[in-house]
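This report refers to the structure that appears directly beneath it.
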Amino acid sequence: MDKYEPYMASYEGETMDKILPNLQNSEKEHILVTYDECIFYSNDGKRGVWAKTGELLLQKKGNGRSIMVSEFLIKACGRLKLNAQTIENYPNIPQEAHVYLIPGKNQEGYWTMNHLLEQVKLKAILIFEALFSTCIAVFAFDNNSNHAAFFQMHL
């Protein structure tokens, strides 16, 4: 991130006051857009149960049904999504960048590189450009094998 820092705003104090970078006329502010995904299971965290003394409850095998959430975050505004004003100005752009998937062989399949590329191209970039038209997005992805996909977009 060091090469982008001179172009990025910083935030200070308990109220996280935004301090703009000192840019020259032709330079644009860079905004960090982080990405991650997580799977939530219906049996998450159910380690103990209440039972009568001497009785054992049968525990479910496995984690149960699940949902996968894929999301982008920005320090300045939280989740990457349009605000009320931007929704009015850009009615044809998705309102939020998140994606939900019910993973599994007999469900919606599994999260792949193609899902991520579609989310980036058809949601995240469009929403970012609507919100921050004069800025440059710096996307940061975690270390998932799907993120090893390199792609080039022609805007």
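Any chance you could count how many residues in segment 101-116 are surrounded by 17 or more Cβ atoms within 10 Å (Cβ to Cβ) and over 20 Å from L82 (Cα atoms)? Walk me through how you get there before you give the answer.
Within segment 101-116, the first condition is being surrounded by 17 or more Cβ atoms within 10 Å (Cβ to Cβ), and the residues that meet it are 101, 111, 115-116.
This time we only want the ones that are over 20 Å from L82 (Cα atoms), so: 101, 111, 115.
Residues meeting the conditions: 3.
Consider Q152 carefully, then state whether it is surrounded by fewer than 15 Cβ atoms within 10 Å (Cβ to Cβ) and modelled with pLDDT under 85.
Taking the combined requirement at face value, the residue satisfies it.
Report whether or not E71 is at pLDDT 90 or above, assigned to a strand (DSSP E or B) and under 30 Å from Y11 (Cα atoms).
So E71 passes the test.
Step by step: first the residues of segment 72-124, then only those that are of a type in the set (S, T, Y) and over 14 Å from the mean Cα position of the chain (by Cα), then the one that is farthest from L20 (Cα to Cα). Which residue is that?
The qualifying residue farthest from L20 (Cα to Cα) is Y110.
Results for (1) small (G, A, S); (2) under 26 Å from A97 (Cα atoms); (3) exposed (fewer than 10 other Cβ atoms within 10 Å of the Cβ); (4) modelled with pLDDT under 80, shown as yes or no for each residue.
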residue: P6; (1), (2), (3), (4): no, no, no, yes
residue: Y11; (1), (2), (3), (4): no, yes, no, no
residue: E14; (1), (2), (3), (4): no, no, yes, no
residue: Q24; (1), (2), (3), (4): no, no, yes, no
residue: H30; (1), (2), (3), (4): no, yes, no, no
residue: F40; (1), (2), (3), (4): no, yes, no, no
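Quick one: in segment 117-140, which of the residues that are in a helix (DSSP H, G or I) and touching a residue at least 60 places away in the same chain (Cβ under 8 Å) is surrounded by the fewest Cβ atoms within 10 Å (Cβ to Cβ)?
Among those residues, the one meeting the criterion is F128.
The values are calculated or read from the model by the stated rules, or taken from the named source; none is laboratory data. Just so it is clear, the structure is predicted and the values come from calculations on it, not from any experiment. As a convention, Cβ positions derive from the backbone with ideal geometry for all residues, glycine included, and neighbour counts pool all protein chains shown.
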